[in-house]
1. How would you classify segment B:52-159 from its alpha-carbon gyration tensor, with a ≥ b ≥ c the square roots of the eigenvalues: rounded for a/c under 1.5, else prolate if a/b is greater than b/c, otherwise oblate?
2. Could you check how much of the accessible area of chain C is carbon and sulfur, as a whole percent, using a 1.4 Å probe?
3. Give a residue-ordered list of calculated ³J(HN,Hα) values for segment C:63-78 (Karplus: 6.51 cos²θ - 1.76 cosθ + 1.60, θ = phi - 60°; whole Hz; x for Gly, Pro).
4. Which one of C:L172, C:L69, C:L17 has the biggest mean-square fluctuation once chain C is modelled by GNM with Cα springs under 10 Å?
5. Amide H neighbours of B:D127 under 5 Å, at least 5 residues apart or on other chains, H built in the peptide plane: list them.
6. Along the Cα-to-C-beta direction of B:M144, a point sits 7 Å from the Cα; which residues of segment B:70-87 have their amide N less than 19 Å from that point?
7. Most fluctuating residue of B:D127, B:D42, B:D103 in a GNM of chain B with Cα springs under 10 Å: which is it?
8. Could you work out, residue by residue across E:62-70, how many beta carbons of other chains sit within 10 Å of that residue's beta carbon, and then give the average as an integer?
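The values are calculated or read from the model by the stated rules, or taken from the named source; none is laboratory data. Predicted model, so just to flag it, every value in this text is computed and none were measured. Note that each Cβ is placed from the backbone with ideal geometry, even for glycine, and that neighbours are counted across all protein chains shown. To get the accessible areas, we keep the full protein, side chains included, count just its heavy atoms, and leave off ligands, DNA and RNA. Shrake-Rupley method; radii C 1.70, N 1.55, O 1.52, S 1.80 Å.
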Amino acid sequence: MTWIFDLILLVFMVITALISLHVKDLLSAAMIFGVYSFLMCLLWAGMGAVDVAFTEAAVGAGVSAVFLISTVLRTSRRSSD
Amino acid sequence: MYRIVIFSLLFGIWVVFSGLIDIFHLTLGFIACLFITLISSDFYFTNRSKGLGNRLTEIAKIPGYLLWLLWEIILSNIHILKLALTPGDIKGLDPSLIRVKTDLKTDYGKYILANSITLTPGTITIDIDGDELLIHSISRHTKMGVEEEIMEQKVSNVFEIEDS
Amino acid sequence: MKIIGFITVIITALLLLQAERDFPNWGDPESPASSYRLSQHYITETYHETVVPNMVTAVLADYRGYDTLFETVVIFTAGIAIIGILRVFGGNQAEHKEPQLTKQKPDLILQTTCRLLLPIIQLFALYVVAHGHHSPGGGFQGGVIFGASFILLALCHDLKYAQKWVPERRILNLAGFGVLLYAGFGVAALMFGENFLDYGILTHLLPGSIEEARSHSMLGVEIGVGFTVTAIMFSIYSLLSSNGKMKEGI
Amino acid sequence: MENFFVFAGVAILALMIPIIYRILVGPTAIDRIVAVNVIGTKTTVLLIVIGMLYERVGMFVDFALTYALLNFVGSLAAAKFFDRVNPAKSFSTMKAEEPQE
Amino acid sequence: MIINTICIFLVSCGLIFFIGGAVGIIRFPDFYTRMHAAGKGDTCSMILILTGLSLYILHEPTTANFLVVGKILFIALFIMSTSPTSTHALIKAGFEEGIKMWKREDEKEGQE
């Protein structure tokens, strides 16, 4: 039954990745990357790879967004292309 | 004394987290709680002079307060649901900023009040400045709800018992 | 330029999709990955040899101990590299345009939430490290969560405030201590005349049978990884957010 | 009962669509950050639902706990970003530049 | 059987509140009002869904199940304290950036 979950999550992930590439504002892109990480964690949990999912949860929720945001703060907020 | 209270609190949380009740894991939990108590026990209570009896009545009153809060949250959630599902132009929407004075003294009291206001949909605390709360409200109905100050009385009832 | 990149991505994706058709089915017991001798050994024998219910932890920390040791060293090296690149000593180089702080007022709600939740986050991190044997988790995840608790402290108060707990000097000490703790278990095994990182022999030092000694030394190794990861995560955050000056963060 | 859990999970996933729309359209950066926060809460619930499906709730509840404890760190960092941004490049000027692309 | 019904009822209530939040986040006109729909309709529905699920878990009352339900209660408590915090931080950031509030059309004309 869980193939429904996998399919929907996969579609959402592709959409999120495209949005995060499309957005010019790098702060938004960093946060949207967080959504990508949430969905990735769900996908891994759905496939039964629990250790990987846990790593993704800890890193994606706790530190990666903060690192990206502080990098954006110290460089420039506009993407050049 | 203060540290022992914190330690036992943390140990209770550890047992719920752990789920394995055998000697090895309880020892690990003991060490972990000791470590946390050493490095960050300063965080919990700011006011340590309160008597034990007051604390206990406070703790006994918290679940009642949470249930009341939950009921309020559900009521005002229905309000938001009605607003969101109004077809066409949303008539009930009337955003406004309100300033409310509060009589609460302690930081915890203010914190609980601000979070309860934020949790009931329709009102969000934007800022706390001294004893003044700046609140954004979504419609007339919720605005009246805040100005009646029932919530503040409840909070001061539970969290600000005077030493007698 | 963008179009060339797009075409490359499309072609690579098509090739990968083509290759995917040759894969075995998901969860197929006959697939090479699960019918190979070594994986069979891991799947059937792990519990008898190490008393660890979670296979992944046993494989990572025991059977492939070298791999994890040098992963820890990689994290340590990454931390050193970031400190080397970003850290700025002395204040009087060319005045770089700094983002200005627009307000300085402390926020009561943030600070109270931080005060309430911080010990619980730290306790949860220790729980994750300690229960890597029974449920998913382990040194890396626990270390990241512990580091995130200090990041939360720095976000809610100030970088200076968080540095009371993790001063700059202590970061490198902690990170080095983690790697040394890991390697120390290997060296201890070496001293008793066994191979490097062969924990079974440590039954002379640790209580319990050979299997339990393996399990306990895995716990020690995870704690070492946790120390390193905590220290390096916080140091990356403080360096990135303060532009290498270590004075004021986000 | 299992069918009901599958239905609940798919419903929660379907309710993510409006939020992803808000992320795509969202006129300002803060709108997007709010939407990201909402997706974090939904993920927490969904993880427990997946755990119910696999009948291993004890394991999946740990992930949900991680998200419950750490999800707001990112939002706090983003909110702090606005306290410290360079006044010359502030938010309102950014918005004015946007249509010229 | 009764437990199943209660569980289905609670989870469905939660889903309905989720719908409220999701519709609100699309339809409401400005950032502040969207914040109302987004930040907290979710907290309520999450609590309802978690209550329903934990009732279902308590179906067979063993110690392990009680501890799992304890963890789920902790999740609800943590979200009840973190979600308002992040909502507050974000709306404060928006307020101090000076995002304009949406007003009704007629009131706007009256003011001008």
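1. Numbers: a/c = 3.28, a/b = 1.69, b/c = 1.95.
Oblate shape, in that a/c is at least 1.5 and b/c is the bigger or equal ratio.
2. Numbers: 8340 of 12800 Å².
Answer for chain C is 65 percent, counting heavy atoms of protein chains only.
3. 5, 10, x, 4, 4, 5, 4, 7, 5, 4, 5, 4, 5, 4, 5, 4
4. Between C:L172, C:L69, C:L17, it is C:L17 that shows the largest mean-square fluctuation.
5. For B:D127, the qualifying residues are B:L134.
6. B:72-84
7. B:D42
8. On the way: counts 0, 2, 5, 2, 2, 9, 9, 3, 7.
Per-residue shielding by partner chains comes out at 4.
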